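Report on one structure; see the data block that follows.
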Amino acid sequence: MSTPRHKITARHFAVFKAEVHRLLKLWNIVDWDVRVRHEKMDADLAECQPRGVARICVIRLNTTWGLGDQPTDEALRSTARHEVAHLVTGELIMMARSRYATEDEVTAAIETTARRLERMLP
């Protein structure tokens with residue numbers, strides 16, 4: 001038996017998008033051009049797709065909610081936090097996926113992530 005899917009409305013998307021933008025500001029993530037989209041996709045909820053060289057990140061929320069229960073504002077905010085957290089480690093993700101990353105590039109990605117975490121954590 002498959003999990004019921006619920007439609008993500010424009011209001012749901014507005015909650016999700018507002019939380020993404022709130023976290024970008026709160027966590028001082030200003031070095032990425034982040035685009036938030038509401039699109040049909042294969043993922044159950046959402047995904048974060050950083051594109052390193054251009055420093056563009058697309059955060060997408062699915063048009064349906066695949067967790068079974070109706071989406072709540074808190075669940076949407078939690079999903080947004082999860083996706084923005086992926087962006088916090090964006091440089092590390094790109095280095096891990098790169099066949100040609102140099103030691104200096106990996107070190108720079110680690111330091112960028114550490115500085116970002118410094119600003120975020122109390």
Query - Selection count where residues are over 16 Å from the mean Cα position of the chain (by Cα) and either under 12 Å from ALA80 (Cα atoms) or of a type outside the set (Val, Ile, Thr) (or both), scope region 51-66 - result: 3
Requested in this report: For TRP32, state whether it is closer than 22 Å to ARG97 by Cβ, in contact (Cβ under 8 Å) with a residue 24 or more places away in the chain and touching a Pro at 6+ places or on another chain (Cβ under 9 Å).
Outcome: yes
Query - Selection count, region 36-54, where residues are in contact with a strand residue (DSSP E or B) (Cβ under 6 Å, 6 or more places away or on another chain) and over 22 Å from PRO71 (Cα atoms) - result: 2
Query - Unmet requirement for ALA114, which otherwise passes all of (1) assigned to a helix (DSSP H, G or I); (2) touching a residue at least 12 places away in the same chain (Cβ under 8 Å) - result: (2)
Query raised in the report: Yes or no: GLU74 within 10 Å of the chain's Cα centre (by Cα) and of a type in the set (Asp, Glu)?
Result: no
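Rule-based calculations on the coordinates, nothing more; no lab input. Predicted model, so just to flag it, every value in this text is computed and none were measured. Virtual Cβ from ideal backbone geometry, glycine too; neighbours counted across all protein chains shown.
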